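Please treat every number below as a calculation from the coordinates, not as lab data. Predicted model, so just to flag it, every value in this text is computed and none were measured. Cβ sites come from the backbone with ideal geometry, for glycine too, and all protein chains shown count toward neighbours.
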Amino acid sequence: MGLWRSGFARDYIILAIVSILVCSLLSGAVALAVDGYLQNTVSRLAGDYGEYDCLIQVRQETKAAAAETLQDIVQKHLPGARFKEGVTVAGKVNYLFSIPKDKENEEVYENLRGWLQQVPGYAGLTYIIEPSVTAANVHPGVRETLRREMTALPGVRFVFANGSNLIAVLDDPLKAEEAYDKLNRLVERYRLLEVRFPFGYSLSRPEQAALEVEEALEHMWGAGKAKDVTVAEQDEEMNSFLTTLQEMKRFLLSYATQVEMELDQPGAVIAGDILTLRPEATGEGGGSGGETGDTERPVLARVTAVADRKATGIIEEGDVAQLIVAPQAGDNEAAESSPAQVQAPAQAAVPALVYSEDGRPLGRAEVKSERRQLMAAIDEGIELLGRLDVLAEEAEKAAAGAEETLKLFDAALLQLETLQEQVRQINEELTTKGNVNTGELLISALLTNLLRRVEPESDVTQLKDADIQGMQKQLRAMADQLTAISEVDLQLIAEELKRIRQHLPDLSDGEIGESLHLIDRYLDGQVLPGDRLQLLIAPEVDLEQSAALIKGVLEYQGVSLFTTPAATVSPDARTTLFNVLGQVRATIAGITAAALVILLFILDQAVLFSTWRLLGWRTGWLAAGAGALFLTAIYILCGAAIPGAGWPHVLAVGAILGLVMYWLAPRLSPVNADEVEAGLALGLSTAQVLREIVIPAGRPGLLMLLNRRRMVFG
Amino acid sequence: MRNMLQVCGLTKTYNGRPAVDNVDLAIQRGETVVLMGPSGCGKSTLLRCLNRLTEPDCGEIWFEGQAVHRMAGAELLAYRRRVGFVFQHFNLIQRLSVVDNVALGLVIAGEERESALAKAEAALARVGLGPTVYRRRPVELSGGQRQRVGIARALAGEPDLMLWDEPTASLDPMLVEEVLEVMEDLARTARAGMLIVTHEMSFAVKAADRLLFMDQGKLVEEGRPEEVLASPRSAVGQRYRKLWQKRYSLAGHNQGWRRILGAGAEKGGRSPVAL
């Protein structure tokens, strides 16, 4: 291309070098300025390196009292320690706290949190010990081992535990990086293998299973390459919470009012539909039957299951009391007495009419409220207990009277027997006498007839056979039972039943439905984890190769296997913060570089691209190359690093940027085609046209600045 | 006489449609050739091909024995400096003053700045522009003045060949005359060969040594203006003849027409044409 041969190549190379250098310096300067500002801010907030050891957060309103208590703690536990008030953020005052060097040990640091609990408004403690290295989220199974090994590392003064973190306090700031690397290498020796079973799967003997997996892995990878550290502490609270919620759901479901629907047509509803329930009397525009609890508010039920023409559901809004038709007139007393759900009769099922949400009649329903029936049963039980005492007393009296009667009856029977015997003797005397007169014959016949009536199956004989003694015994036993009943503290039972009645959840059906809905929504996003095994494994244990083995040992293919680091190593807070700030600086540099490249292209390159396009040169590739070159070079030189953006990305973005600029060039920097044509017609080379005509008429930029020295008519 | 410019089989197509179709053309030093034809017939394209502002697809262009069609780089630039080009839209460089516009080509060609400026001023004087306009920007000039600057710029390099691309087409009719006068003067006095694309028939009749008609990319007729206009063979020629007759009969300028022809005869020694 003539342009490059005519000396423009040199111009362009100079432009490129100058542009890249200037933009790199600018990007770097912007990033450094931001970095410096942020570092100064950090120093202002957290003091100089190593000056303070922790930040104590206290609620702002208790600041004065907190300062006094802190002073007391210093005097009592840490003489020589000092603290000063730092910044207040979101209503919390940060106290910068410094522990004297001679008091610094693991015991002090581990006790510090406990001492600070007594500070009024205490809201948290953050360690900013410098120099230090932290192994965060250390698995309990490796905590003690790691602590020992960390303590043994050269340059480590002591190690203390802070929750699940282990913080190693170092001797020398200059060795902090070395200690960080060593700790990293130490932690890399431990990986946590988690063998997780699906929800609902329960291991009968998890300890045995873990041991078997450990042995199998050791057999495969060598002794000491796996260690069972299964613990249940993680997520325990969440598990308990979710289990409680599930139980709560079960309880509420057993308590919820059930709606059993008989539909006019099969398939009229599906599970999840919301239907309207109306009292039978008023449902079909009637209102003739009487008044209902609350006809204004609808009773809505959610369908939970459908089978042909039958459907079941629960009430989601309103209450079954609204469906019960109250007595029409003259019974105001009952209507006014108490809330609907208390006064409503404990009907086994309340009939109702079912409508769709848009008012179409769908069928009939029976609304069964277990809750309501339970309340009614308790009420009746209490009433019965109240009467039972009197009943027992009266029954006792009745038993005593009956026993007395039986005694009289027994005496009467004895007298009757005696009389019978006397009659028999008189009759015998009369029949054995030789000469009897007619009168005597008549008496004898009368007595014979009388005796025949009495013996042997007469009523009197049967009365004689009655077990009067047994009856008396039974009556005495009954009296004893009734005495025992009267001795029972029926009052206490009644009181307890009343208490239960009072403490039964006072929820309407709608509230129960809504609670169930809320629990379902929460549980929807939560997974109750199943059983799991945790093993510490050596780095060389390959998960893919071990997976089949573990599944085989457990005789279950549905387990999920994954590994996580047993801990995460991070430097002290300031170093971490400065690392983050470094990333921020690098990101800002990257963004600035991109912005400057865009500016560079608008001011300088666009005019060149525009001219090339005017001359009909197909130089899109050149623009892409220029974009990639400029952005990548500036990106590297200014020390930019955008997270997730590697060199290929930067190159690609630069190339795309170049192409976009090439595409937009005629609009960004239009070139006067007539002037270019005139220049060419005058015998100017393309480079001369650019120098004398195009660039001077373009946007002011580096290109224009550099071009001035080459212009004939400047 | 040896041809200064010789064109053989020159062709240029746009999207498969020929704009210049196998054109043969020759111009001698000092000869004034006027090229006429309907708009879009390829006149400007032919002109631009001649100094390679537009690259022809095929054909040969010879300039004083040199193969222009094969030229590249410095050789092409040198050729262009020997060919003055006057544009329809003046194409002046807006940021430069009038005198710098004229001197630019000279300085770029290696002329000392002072000398170039002196030549530029001389060229400006030749087209009737005095020192009062030297330092003005093109935007401060009238259309006629701008075109005269354009002509001065083409003249300043003392070209061997001048290509004129409808120099009066963008001008207000009141200003056309002042440019035509310059053109006529140059046609009479300049030693350069000239190929002028214009619709000014009076100029063609008065100043041209030869008149060419072009239609649909082809040169369809050529000859001395009075001969071509007296008995045109091509449809384009006949249309121009009718136009010419109409314009002058309506104006009652028969005498004027003869006088014009007479003036033309002064240069080429041609006799008036009886129409």
> Along region A:175-182, what does the Karplus equation 6.51 cos²θ - 1.76 cosθ + 1.60 (θ = phi - 60°) give for ³J(HN,Hα), rounded to whole Hz, x for Gly and Pro?
Replying inline: 9, 4, 5, 5, 5, 4, 5, 5
> Which order, highest average first, do A:243-256, A:152-165 follow once you tally other Cβ atoms within 10 Å for each residue and take the mean per peptide?
Replying inline: A:152-165, A:243-256
> Which of the peptides B:167-174, A:99-106, B:42-49 is most tightly packed, and how do the rest follow, judged by the mean count of other Cβ atoms within 10 Å per residue?
Replying inline: B:42-49, B:167-174, A:99-106
> Once you charge only the Cβ atoms, +1 for Lys and Arg and -1 for Asp and Glu, what is the size of the charge dipole of region A:380-500 about its Cα centre, to the nearest 20 debye?
Replying inline: 520
>> Full-extension gain between B:E140 and B:K242, please, as 0.36 nm times their residue separation minus the C-alpha to C-alpha distance.
In response: 32.7 nm
> When A:R372, A:R532 are ordered from fewest to most other Cβ atoms inside 10 Å of their Cβ, what list results?
Replying inline: A:R532, A:R372
> Can you pull the mean other chain C-beta count within 10 Å for peptide B:98-108?
Replying inline: 4
>> At q = 0.14, 0.22, 0.27 Å⁻¹, what log₁₀ I(q)/I(0) does region B:127-198 have when each alpha carbon counts as one equal point scatterer in the Debye sum?
In response: -0.42, -1.02, -1.40
> How many partner chain Cβ atoms sit within 10 Å of a residue's Cβ in peptide B:150-163, on average, as a whole number?
Replying inline: 1
> Given +1 on the Cβ of Lys and Arg, -1 on the Cβ of Asp and Glu, and no further charges, what dipole in debye does the protein assembly as shown carry about its Cα centre, rounded to the nearest 20?
Replying inline: 10960
>> Binning at 5 angstrom from zero up to the longest distance, how are the C-alpha pair distances of region A:49-170 distributed in percent?
In response: 2, 11, 21, 22, 18, 14, 8, 4, 1
> Stretch A:L441-A:E144 to full length: gain in nm at 0.36 nm per residue minus the Cα-Cα span?
Replying inline: 94.5 nm
> Considering only DSSP beta bridges whose two residues both sit in the protein assembly as shown, what percent are antiparallel, to the nearest 5?
Replying inline: 85
>> If you fit an axis through the alpha-carbon atoms of helix A:647-668 and take the longest principal axis of the Cα set of chain A, what angle between them do you get, 0 to 90°, nearest 10?
In response: 70
>> What is the ratio of the Cα radius of gyration of region B:104-237 to 2.2 N^0.38 Å, with N the residue count, to two decimals?
In response: 1.19
> Using Cα atoms only, what is the angle between the long axis of helix A:9-46 and the major principal axis of chain A, expressed in degrees (0 to 90) to the nearest 10?
Replying inline: 40
> Among A:D489, B:D100, which comes first, second and so on when ranked by fewest other beta-carbon atoms within 10 Å?
Replying inline: A:D489, B:D100
> For region A:380-500, max minus min Cα coordinate along each principal axis, in Å, sorted largest first?
Replying inline: 90, 20, 18
> Once every DSSP H run of n ≥ 4 in the protein assembly as shown is given -39500 (n - 2.57) and the sum is divided by its residues, what mean residue ellipticity at 222 nm do you get, rounded to the nearest 500 deg cm²/dmol?
Replying inline: -16500 deg cm²/dmol
> Is there a pair in B:K12/B:K218; B:K12/B:K43; A:K76/A:K103; A:K249/A:K498; B:K43/B:K242 whose C-alpha atoms are over 18 Å apart, and which pairs would that be?
Replying inline: A:K249/A:K498; B:K43/B:K242
>> Could you compute Rg(Cα) / (2.2 N^0.38 Å) for chain B, with N its residue count?
In response: 1.00
> Given H placed on each backbone N at 1.01 Å, which residues far from B:M162 in sequence or on other chains put an amide H within less than 5 Å of it?
Replying inline: B:G84, B:G193, B:M194, B:L195
> Which whole-Hz couplings ³J(HN,Hα) result when phi for each residue of region B:56-72 is put into the Karplus expression 6.51 cos²θ - 1.76 cosθ + 1.60, θ = phi - 60°, listed in order with x for Gly and Pro?
Replying inline: x, 6, 7, x, 10, 10, 10, 10, 6, x, 9, 7, 4, 5, 9, 5, 8
> Order of A:122-128, A:395-401 by packing, highest average Cβ count within 10 Å first?
Replying inline: A:122-128, A:395-401
> Given the Cα-Cα distance of A:R82 and A:F241 and 0.36 nm per residue of separation, how much length would full extension add, in nm?
Replying inline: 53.0 nm
> Which is farthest toward the positive dipole end of region B:80-119 among B:V107, B:Q88, B:L117, measuring Cα position about the Cα centre, with Cβ charges +1 (Lys, Arg) and -1 (Asp, Glu)?
Replying inline: B:Q88
>> What does the structure give for B:83-95 when I average, per residue, the other chain Cβ atoms found within 10 Å of the residue Cβ?
In response: 5
> How many nm separate the modelled label positions at A:L451 and A:E544, each set 7 Å beyond the Cα in the direction of the Cβ?
Replying inline: 12.0
> Say the dipole of chain A comes from +1 at the beta carbon of Lys and Arg and -1 at that of Asp and Glu; which of A:T88, A:G272, A:L38 then lies farthest toward its positive end?
Replying inline: A:L38
> In Å, what Rg and Dmax follow from the Cα atoms of chain A?
Replying inline: 49.7, 194
